[in-house]
Amino acid sequence: MVYGRRSMEADRLRAIPLFQDLDDEALKLIADLATEFEEPAGWVLIEVGQPGSGMFVLEEGTVEVTTPNGRSWELGPGEFFGELALLTDHPRKARVQATTPVRCLAISRSDLSRLLEREPLIAVAMLPKLAERVDAVH
Ligand code: CMP
């Protein structure tokens, strides 16, 4: 995966539902710690069973999430993935593959825990999706 750091304006970050209620200072923090990258259609971003090193937020494009029991979901712009292994310390629960070219933000495990401590609104915004996903993978 090739990571390229570019500046991310507050407006683009605020378009992401997870970040929509944050103030400028928090958005600047995210812009500083997140890494933006692009990958082509077909790229496997996450493989089941790997240790989790980061969480991703999809800025453009779509991905397909497939669990080992064969269920799948499509995620689109503004949605996040890769959080479960970071929050639980378990291996990755699903495969995530780009179905179109994608542009994503990556946040590392250590940055995510610092970010959630400083900006608990992000954790609150994640909760409904977490509940759905934990339910679906078990
Ligand atoms: P993680 O287990 O770290 O890596 C695979 C990711 O797929 C997982 O985190 C979630 O972000 C995502 N995922 C797992 N189950 C679902 C689901 N039911 N719906 C959407 N995304 C999911």
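Helix-only arithmetic for the chain: the sum of -39500 (n - 2.57) across DSSP H runs with n ≥ 4, divided by the residue total, places the mean residue ellipticity at 222 nm at -10000 deg cm²/dmol. Taking the C-alpha atoms only, the angle from helix 109-118 to the longest principal axis of the chain is near 50 degrees.
If I fit a long axis through the Cα atoms of helix 24-33 and take the longest principal axis of the Cα atoms of the chain, what angle between them do I get, 0 to 90°, rounded to 10? Its long axis makes an angle of about 50 degrees. Rounded, prolate or oblate: pick one for region 58-138, where a ≥ b ≥ c are the square roots of the eigenvalues of its C-alpha gyration tensor, a/c under 1.5 means rounded, and failing that, prolate if a/b is larger than b/c, else oblate. Oblate is the answer for region 58-138, as a/c is 1.5 or above yet b/c matches or exceeds a/b.
When only Cα pairs under 8 Å and 6 or more residues apart are kept, what is the percent relative contact order across the chain? Provide the component values of the computation, followed by the final result.
Numbers: 260 pairs, mean separation 40.7, N = 138.
Value for the chain: 29 percent.
GluC sites (Glu not before Pro), restricted to region 42-109: which are DSSP loop and have at most 12 other Cβ atoms within 10 Å? Here the GluC sites (Glu not before Pro) that fit, given the DSSP loop and packing criteria, are 47.
Here the contact order of region 3-67, divided by its residue count and restricted to Cα pairs under 8 Å and six or more residues apart, works out to 34 percent.
First compute the accessible area of region 39-138 with a 1.4 Å probe, then give the percent of it belonging to carbon and sulfur atoms. C and S fraction of accessible area: 57 percent.
Where does each of 24-36, 94-106 land if you order them by average Cβ count within 10 Å, highest first? Intermediate results must be reported in sequence, preceding the final value.
Working: 24-36: 16.5, 94-106: 19.2.
By packing density, highest mean first, the sequence is 94-106, 24-36.
The values are calculated or read from the model by the stated rules, or taken from the named source; none is laboratory data. Predicted model, so just to flag it, every value in this text is computed and none were measured. Glycine also receives a Cβ, built like all others from the backbone with ideal geometry; neighbour counts cover every protein chain displayed. Accessible surface is based on the protein model in full, side chains and every heavy atom, while ligands, DNA and RNA are left aside. Shrake-Rupley method; radii C 1.70, N 1.55, O 1.52, S 1.80 Å.
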